[in-house]
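The structure under discussion appears below in the form of structure tokens.
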Amino acid sequence: MSNLSREQLSASDIVALFEKDPSALKRLAELLVTVPDIRLAIVEGVMREVATKRDLEALRRELQEYIDKRIAELRSEMEKVIGEVRSEISKLSDRVTSLEARVARLEGQVSLLIKIFIAFNVPILIGIIGILLKMVLAP
């Protein structure tokens, strides 16, 4: 130690000395754990911060309950959404069926209109062709 006497060293000075000499700090720690009362105080202090198997098991149960609850909520929401989707699909299916029936009716009507058009226009076209042939073939 420098010129200071033991009484003049502050706690900060002592800490600084231990920081400078890690082997001295290690020796101090070894000495402290050999004294039963100090060792017990250290262990009790550490034990307050250490999780026990019971603590871990309780935490595991709490976590499992939380996960199970979230899974149940998700299943409930999924079933609700699936029900809504099925309902919408059913409505769309009904609309598609209705549209298919309307298109089939329209196809029938268009087909009938084509037949009527042909039925009325073919005789007229034949008549016109006949008149034109008479005009061309006439002396």
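The values are calculated or read from the model by the stated rules, or taken from the named source; none is laboratory data. In this text the structure is predicted, and so the values were computed from the model without any measurement. Cβ atoms come from the backbone with ideal geometry, glycine included; neighbour counts cover every protein chain shown. Heads up: the accessible areas ignore ligands, DNA and RNA and are worked out on the full protein's heavy atoms, side chains in. Shrake-Rupley method; radii C 1.70, N 1.55, O 1.52, S 1.80 Å.
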**Report entry** Cα-based Rg / Dmax (Å) for region 96-139
**Finding:** 19.0, 65
Query - Farthest toward positive dipole pole in the chain [+1 Lys/Arg, -1 Asp/Glu at C-beta], among Leu63, Leu17, Ser87 - result: Ser87
Report task. Please get the size of the charge dipole for region 56-139, origin at its Cα centre, with Cβ charges of +1 on Lys and Arg and -1 on Asp and Glu, quoted in debye to the nearest 20. Result -> 660
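In Å², and per residue, what accessible area does region 27-139 have when probed at 1.4 Å with the other protein chains present?
That works out to 94 Å² for each residue.
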Query raised in the report: If one takes the longest principal axis of the Cα atoms in the chain, at what angle in degrees, from 0 to 90 and to the nearest 10, does the Cα axis of helix 11-20 lie?
Result: 70
Query - Principal axes of the chain: Cα extent on each, largest first, Å - result: 154, 40, 20
Report summary line: Once the dipole of the chain is set up from charges on Cβ (+1 Lys and Arg, -1 Asp and Glu), the residue from the list Leu32, Ser76, Gly108 lying farthest towards its positive end is Gly108
Report task. Mind pulling the angle between the C-alpha long axis of helix 53-137 and the longest principal axis of the chain? Nearest 10 degrees, somewhere in 0 to 90. Result -> 20
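Quick check on the chain: helices-only [θ] at 222 nm, where DSSP H runs of length 4 and up contribute -39,500 (n - 2.57) each and the sum goes over total residues. Nearest 500, please.
Numbers: 4 runs with 122 residues, N = 139.
Computed mean residue ellipticity for the chain: -31500 deg cm²/dmol.
Let's see if you can work this out: charge +1 on each Lys and Arg Cβ, -1 on each Asp and Glu Cβ, no other charges. What is the dipole magnitude of region 1-121 about its Cα centre, in debye to the nearest 20? Don't jump to the answer; show the numbers that get you there.
On the way: 20 positive and 21 negative charges, 147 e Å.
Using Cβ point charges on Lys, Arg, Asp and Glu, region 1-121 gives about 700 debye.
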